[in-house]
1. In whole percent, what relative contact order does the chain give with Cα contacts below 8 Å and a gap of six or more residues?
2. Under the classification rounded if a/c is under 1.5, otherwise prolate if a/b is larger than b/c and oblate if not, where does the stretch 1-73 fall, given a ≥ b ≥ c as square roots of the Cα gyration tensor eigenvalues?
3. What ³J(HN,Hα) values, in whole Hz, does the Karplus curve 6.51 cos²θ - 1.76 cosθ + 1.60 give for the stretch 216-225 when θ = phi - 60°, with x put for Gly and Pro?
4. Ordered by residue, what ³J(HN,Hα) values in Hz, to whole numbers, does the stretch 55-66 give under the Karplus form 6.51 cos²θ - 1.76 cosθ + 1.60, where θ = phi - 60° and Gly and Pro are x?
5. Can you order the peptides 59-68, 29-38 by their average number of other Cβ atoms within 10 Å per residue, highest first?
6. Could you sort out which of Lys34/Lys182; Lys63/Lys148; Lys86/Lys182; Lys86/Lys148; Lys86/Lys134 sit more than 26 Å apart by Cα distance in this structure?
7. Using amide H atoms built in the peptide plane, which far-off residues or other-chain residues are under 5 Å from Gln125 H to H?
8. What are the extents of the Cα atoms of the chain along their three principal axes, listed from largest to smallest and rounded to whole Å?
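Laboratory data are not the source of any read-out in this text; all were calculated from the coordinates shown. Here the structure is a predicted model, which is why all the values come from computation and not from measurement. Cβ sites come from the backbone with ideal geometry, for glycine too, and all protein chains shown count toward neighbours.
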Amino acid sequence: MISPSKALHEILQTLSHSAHSPARPATRLLAVSKTQPAEAVLALARLDQQAFGENYVQEALGKIHALEPLNLDLEWHLIGHLQSNKCQEVAENFSWVQSLDRVKLIEPLSRYRSAHRAPLNILIQVNVDAEASKFGCTPQAVLPLAQKVAAAPNLRLRGLMSIGAPYPDFEQRRASFRRLRKLFDSLRHDFPAIDTLSMGMSEDYELAIEEGATMVRVGTRLFGARQLF
Ligand SMILES: *Cc1c(COP(=O)(O)O)cnc(C)c1O
């Protein structure tokens with residue numbers, strides 16, 4: 001069993017080496033805490049890890065509410081598929097949605113996000129390896145979606161996210177990271193304020209950093225293998 005504090009330290013070490021220049025700040029770590037109990041989140045929060053990623057809204061809400069009284073200033077990211085009937089709970093309880101992949105989600109997220117709070121940060125999820133997943137929009141759909149997010153009150157467009165196909169060949173993974181990076185660079189012509197390219201997980205986050213990730217999403221490498229249930 002790995003020690004999460006040792007794993008956190010090692011990963012942060014790798015990420016700090018990614019800060020090649022002042023123009024490129026260190027890649028951020030999103031700790032993916034799906035299936036982990038609130039205590040596991042708390043242990044990392046005490047080590048100053050602030051950003052946590054969850055896939056399932058109900059599971060996340062349990063942890064969010066359990067930890068709320070501690071005022072830890074945590075930043076919760078939804079990284080799993082978002083159903084439209086969950087938009088209210090997500091807009092009220094999360095800081096980021098990384099899995100926006102269709103127009104239908106924009107209006108309810110915008111409507112339920114209180115204007116008194118910081119805007120909800122949005123990444124558009126792109127299916128760059130078309131066969132890999134049924135979620136994520138096509139590369140062609142990115143620009144029109146981005147325009148609608150950018151125009152919606154209480155939402156803030158921050159960039160793109162992808163879940164890479166688990167190609168055994170890492171050069172294929174590199175190629176798909178590059179495709180997302182290209183899309184990101186071209187989107188930045190229209191939206192110069194976007195700053196987040198979320199790609200890479202436990203197995204390939206070092207590779208994702210080489211290809212320009214500004215945020216990596218790591219679960220297993222931090223917490224150990226997930227219990228399947
Ligand atoms: C589970 C998950 C991760 C983390 O995966 P690991 O391989 O455990 O690091 C990252 N991103 C998404 C979208 C996930 O669902």
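1. Details: 408 pairs, mean separation 45.6, N = 229.
Dividing the mean separation by the residue count of the chain yields 20 percent.
2. On the way: a/c = 2.18, a/b = 1.81, b/c = 1.20.
Here the stretch 1-73 falls in the prolate category.
3. Values, residue by residue: 10, 10, 10, x, 3, 5, 8, 9, x, 4 Hz.
4. 9, 10, 4, 4, 4, 5, 4, x, 6, 4, 6, 5
5. Ranked from most to least packed, the peptides come out as 29-38, 59-68.
6. On the way: Lys34/Lys182 29 Å; Lys63/Lys148 31 Å; Lys86/Lys182 31 Å; Lys86/Lys148 20 Å; Lys86/Lys134 19 Å.
Lys34/Lys182; Lys63/Lys148; Lys86/Lys182, as the Cα separations exceed 26 Å there.
7. Placed amide hydrogens put Leu100, Asp101, Cys137, Met161 under 5 Å from Gln125.
8. 45, 42, 39
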